[in-house]
Amino acid sequence: MQLVIGNHNYSSWSLRAWLLLRQFDLDFETVRISLFVPGFSQQIKQYNPAGKVPVLLDNGTTIWDSLAICEYISEQHLHNNGWPSNPALRAHARSSCAEMHSGFMAMRSELPMNCRRHVDNFVVSAEVQKDTDRICTLWNEALSQSGSGQFLYGDFGIADAFYAPIVFRLTGYGVKLPKPLQAYCDRILALPACQEWLKLAQQESEVIEEEEV
Ligand SMILES: N[C@@H](CCC(=O)N[C@@H](CS)C(=O)NCC(=O)O)C(=O)O
């Protein structure tokens, strides 16, 4: 399997798919393409006519969207263990990922993922606070329903991979969270796979000015 990704420092959509593969210890090769540099468009279009990362290539099958990639990995390589087995929890997890996939626009635009950025008290707008409050509600519901309190729905799964870029943003910009949710963020950050991603981001030198808020 090959996963085509963008810069570790900035590509939140790439992180989702990469983290799921890495956390489940699946065998894959990473193809990294620098975002928004001359030649990016031609390079990515060799893999994905839609011109975006991430892209998964597996035995002649191409999957070009982070949610579709995670669904595919779960079905084809994880015996569906990317999702919780309980149908109600699974429905909640799927809704959470869909909400992440199509929402939280203020958080995305005002706090772009930037793994190298560490600010103590970034002042967030009312809109970002609204997104943060909604994320806290959603995480609280997930953690309390799943019982174990370790990951959102018990064992690590697609929802944790989907919200990992949010963990990176909230902690990177120093957004204050209630203790149990900060503890959840700390558990995600402590995963060896997340540490590996952060290290790779540190080693990159490209700077995308628009992402440096
Ligand atoms: N819906 C896509 C969105 C992917 C996406 O927007 N990727 C960004 C990078 S993080 C990209 O490739 N941008 C390049 C461009 O827009 O030219 C997914 O979830 O995979």
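Among the listed pairs K45/K130; K179/K199; K52/K199; K130/K179, which have their C-alpha atoms separated by more than 29 angstrom in this model? Table pairs above 29 Å Cα-Cα are K45/K130.
Peptide packing: for 28-35, 205-212, 69-76, 6-13, the average count of neighbouring Cβ atoms within 10 Å per residue gives the ranking 6-13, 69-76, 28-35, 205-212, highest mean first. Evaluated with a Cβ-only charge set (Lys, Arg +1; Asp, Glu -1), the stretch 144-207 carries a dipole of roughly 300 debye about its Cα centre, given to the nearest 20. Given +1 at the Cβ of Lys and Arg, -1 at the Cβ of Asp and Glu and no other charges, the dipole of the chain around its Cα centre is 220 debye to the nearest 20. For the peptides 77-84, 51-58, 185-192, the ranking by mean Cβ contacts within 10 Å, running from highest to lowest, is 51-58, 77-84, 185-192. Here the Kirkwood formula, the inverse mean of 1/r across different C-alpha pairs, assigns the stretch 2-81 a hydrodynamic radius of 12.6 Å.
Residue-wise HN-Hα couplings along the stretch 39-54, as the Karplus relation 6.51 cos²θ - 1.76 cosθ + 1.60 with θ = phi - 60° gives them from phi, are x, 4, 4, 5, 5, 5, 5, 5, 9, 9, x, 6, x, 10, 9, x Hz; Gly and Pro carry x. Computed over protein heavy atoms with a 1.4 Å probe, the carbon and sulfur contribution to the accessible area of the chain reaches 51%. Given +1 at the Cβ of Lys and Arg, -1 at the Cβ of Asp and Glu and no other charges, the dipole of the stretch 87-195 around its Cα centre is 120 debye to the nearest 20.
P(r) tail, the stretch 89-145: Cα-Cα pairs separated by more than 13 Å, 67% of all pairs. So with the 1.4 Å probe, I'd like the accessible area per residue for the chain, rounded to whole Å². Per-residue accessible area for the chain comes out at 47 Å².
For the stretch 87-195, the extents of the C-alpha atoms along the principal axes are 38, 28, 22 Å, listed from largest to smallest.
Spread over its residues, the convex hull of the C-alpha atoms of the chain is 115 Å³ per residue.
The values are calculated or read from the model by the stated rules, or taken from the named source; none is laboratory data. Please read these numbers as outputs of a predicted model, since none were measured by experiment. Using ideal geometry, Cβ is built from the backbone for each residue, glycine included, and neighbour counts are taken over all protein chains shown. Remember, those area values only see protein heavy atoms, side chains included, never the ligands or the DNA or RNA. Shrake-Rupley method; radii C 1.70, N 1.55, O 1.52, S 1.80 Å.
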